[in-house]
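All remarks here apply to the structure that follows.
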Amino acid sequence: MPVGIPRAQDRGEREVVVHAVSECWPYARSGGLGEAVRGIAQHQALAGFPTHIVIPLYRGIRERFELEPRTDPFPVSVGRHHHTVRIFTATGTTDAADVHFVECDPLFDRAGLYGDHLGDFADNPLRFVVYARAVLELLPALSRDPPVLHVHDWHAAPSAAQLRTELADDPWYSQVPIVLTVHNVGYQGEYDLSILGDLGLPQDGRLEWKGRANFLKGALVYSDIVTTVSPTHADELCTDMGGSGLDPMFAALGDRLVGILNGIDYRVWDPSHDPEIAARYDAEDLTGRRDDREALRNEYALPHEPDVPIFAMTARLARQKGFDIILASGIVGEQGMQWIFLGEGEERYRRALSDLARRHPRRVATCFDFSESREHRLLAGADFLVMPSLYEPCGLTQMRAQRYGALPVARRVGGLADTVEDGVSGFLFDEYSPEAFAETVERARVAWADRAQLQEAMRDAMHRDFSWEASVIQYQAVYQRAGTVREGAGTP
């Protein structure tokens, strides 16, 4: 451990967990990853487990949050690259978990997290290999005994390889269990093989896959237990269609691959005390929801048509989210329905949705300036939430929607299959096609006409438990298993 990082004192009998992740809400977020990691870490801490999150210190964090130095500057070397880093800690927050930041301005003092308008940063491998090595240097300052290192997605994955190779002979580090969570297998950290030698990473094949360096594949090899964010997605990862090329690696894990459903924070997502919405309501009294529907129509300049349901979508404008089949279905803009699209992303989908809104101004509205407050208002006022995803490892929006009484119209994949009950708390379809999507939308529209039955479905959805508490228990069991694997074997 470098000079300048004081070793942690005894933190008691409870296991210390350190989450290594490239983003964490509200400090830095590009999608669901940052929110999911914050959710599990905060609820682990609230349950009494000493919990830490370590992310890079991006430019926007320093501008918006109070930080204090945790360490003196110390050197980090990876291959032929040498950098000086320092650790900061968030102060003045209500976070239950401790949040720490790896400062290395040449690598992270940039406007974007992973890239800019020209694309991904060319030095992303270097950035996250340096970050991962700094996380390992920090571990003894966070826990007297070896903690659980919980690695998330490919950006933090190099820490698994570094821990099991460079630090394999260290008696303390060799006892650290590694748990990897795969949030989105579509992003694996694939690069030319030459970067492995350049960054001082193992070149024995463990970080290679199909002739390329692959950071996520390496973490699958070096981790003690691998989790993903829903039980159904764990099964999907082992298939040719769901594993994004890594399905043999996932299948080989056997029972060391575990699916644990993400949750939502009911302190933030609850219509009975939500300050962002026009009128509060709950499952027992849905009266306020009528006001939220009309407020939503006002916000998006849609005409007040009480006999017309509102179908809404809040998502990244990306192929994964099903926009291709939505646009090909021809159902958006038809009479008898209103549609609202909220999200940021690819220009081709933005243009297509804008064109629909121009052609059908009374039935289609768009907003490409996403904010969480807008999402709160959308879910409180919409009748149905549309999620026809090509793939969806877990998804959080369908859980929030049910909490607010907006019934999901979704494809039966990943976490959508685990959290929506067809014909009871929402409407599901299987085939990824415009026809299947349109048929399910029509089924929802017909069901909407029976208001009494629809309100029963809304109440059922609002009563479902999507809290983090059950996930905390499951993760604790995973950590214990990872410790057993570490005690009973060398590198898996």
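Data overview
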| read-out | value |
| --- | --- |
| Cross-chain or 6+ apart pairs with Cβ under 7 Å, segment 337-360 first and over 15 Å from residue 301 (Cα atoms), then of a type in the set (Lys, Arg) and modelled with pLDDT under 95 | 343/316; 344/316; 345/316 |
| Per-region count, segment 203-217, residues assigned to a loop (DSSP other than H, G, I, E, B) and among the basic types (Lys, Arg) | 2 |
| All positions within segment 224-250 that are among the aliphatic types (A, V, I, L, M), part of a helix (DSSP H, G or I) and under 28 Å from residue 173 (Cα atoms) | 249 |
| Residues located in segment 291-301, provided they are out of contact with any Phe, Trp or Tyr (no Cβ under 9 Å at 6 or more places or on another chain) and either part of a loop (DSSP other than H, G, I, E, B) or more than 19 Å from residue 372 (Cα to Cα) (or both) | 294, 300, 301 |
| Lone unmet requirement of (1) under 25 Å from residue 272 (Cα atoms); (2) modelled with pLDDT of 95 or more; (3) more than 22 Å from the chain's Cα centre (by Cα) for residue 354 | (1) |
| Residues (surrounded by fewer than 17 Cβ atoms within 10 Å (Cβ to Cβ) and modelled with pLDDT of 95 or more) located in segment 66-79 | 68, 69, 72, 73, 75, 77, 79 |
| Residue identified as on the phi < 0 side of the Ramachandran plot and without any contact (Cβ under 8 Å) to a residue 40 or more places away in the chain among 307, 282, 292 | 307 |
| Residues (closer than 18 Å to residue 381 by Cα, without any contact (Cβ under 8 Å) to a residue 12 or more places away in the chain and more than 23 Å from the chain's Cα centre (by Cα)) located in segment 235-279 | 272, 273, 275 |
| So residue 229, is it within 30 Å of residue 466 (Cβ to Cβ) and in contact (Cβ under 8 Å) with a residue 12 or more places away in the chain | yes |
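The values are calculated or read from the model by the stated rules, or taken from the named source; none is laboratory data. Note that the coordinates shown come from a computational prediction; the quantities given were computed from them, not determined experimentally. We place every Cβ from the backbone using ideal geometry, glycine too, and count neighbours over all the protein chains shown.
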